[in-house]
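The values are calculated or read from the model by the stated rules, or taken from the named source; none is laboratory data. In this text, all values refer to a predicted model and were calculated from it rather than measured experimentally. Cβ coordinates were reconstructed from backbone atoms using ideal geometry, including for glycine residues, and neighbour counts include every protein chain displayed. SASA here: full protein model, heavy atoms, side chains in, ligands and nucleic acids out. Shrake-Rupley method; radii C 1.70, N 1.55, O 1.52, S 1.80 Å.
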Amino acid sequence: MSLSGLLQAVLPDPALTKIAEAVGVANLELEGPTAVRPLVTAALATRKPVLAITATGHEADDLAAALRDL
């Protein structure tokens, strides 16, 4: 299922805007529900390249697949 367009719809959200404005902080660590990881990662990536670290390879594969759908 493609979620194309979802990112553009949620980018104006104040919480995502605040997170995206934190780009450039030397060490930015974020925690949150698994479901929001792709949106937060994509929001950050609209400003700078992102290195997302996950606990397992499976989580990394899931995140990569979700980002491709955005």
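Using unit Cβ charges (K, R positive; D, E negative) and no other charged atoms, how large, in debye to the nearest 20, is the dipole of region 12-51 about its Cα centre? Dipole about the Cα centre, nearest 20: 140 debye. Checking (1) 19, 56, 25, 1; (2) 20, 52, 24, 3; (3) 22, 63, 15 against the coordinates, the calculated P(r) over Cα pairs in 10 Å bins from 0, in percent falls under label (1). Net charge dipole, the chain: roughly 240 debye, given to the nearest 20, about the Cα centre with Cβ charges of +1 for Lys and Arg and -1 for Asp and Glu. Using only the C-alpha atoms, the convex hull of region 20-60 corresponds to 78 Å³ per residue.
Got the relative contact order for the chain handy, in percent, Cα pairs under 8 Å and 6 or more residues apart?
46
Accessible surface computed residue by residue for the chain, with neighbouring protein chains in place and a 1.4 Å probe, gives 74 Å² per residue. What residue among 8, 53, 39 has its Cα farthest toward the positive end of the dipole of the chain, where the charges are +1 on Lys, Arg and -1 on Asp, Glu, each on the Cβ? In the chain, that residue is 8. Residue by residue, region 29-46 carries 3J(HN,Hα) couplings of 10, 10, 10, x, x, 3, 5, 8, 3, x, 5, 5, 4, 5, 4, 5, 5, 6 Hz when phi is fed to the Karplus relation 6.51 cos²θ - 1.76 cosθ + 1.60 (θ = phi - 60°); x denotes Gly or Pro. Using just its DSSP H runs of length 4 or more, each adding -39500 (n - 2.57), the chain gives a mean residue ellipticity at 222 nm of -14000 deg cm²/dmol after division by all residues.
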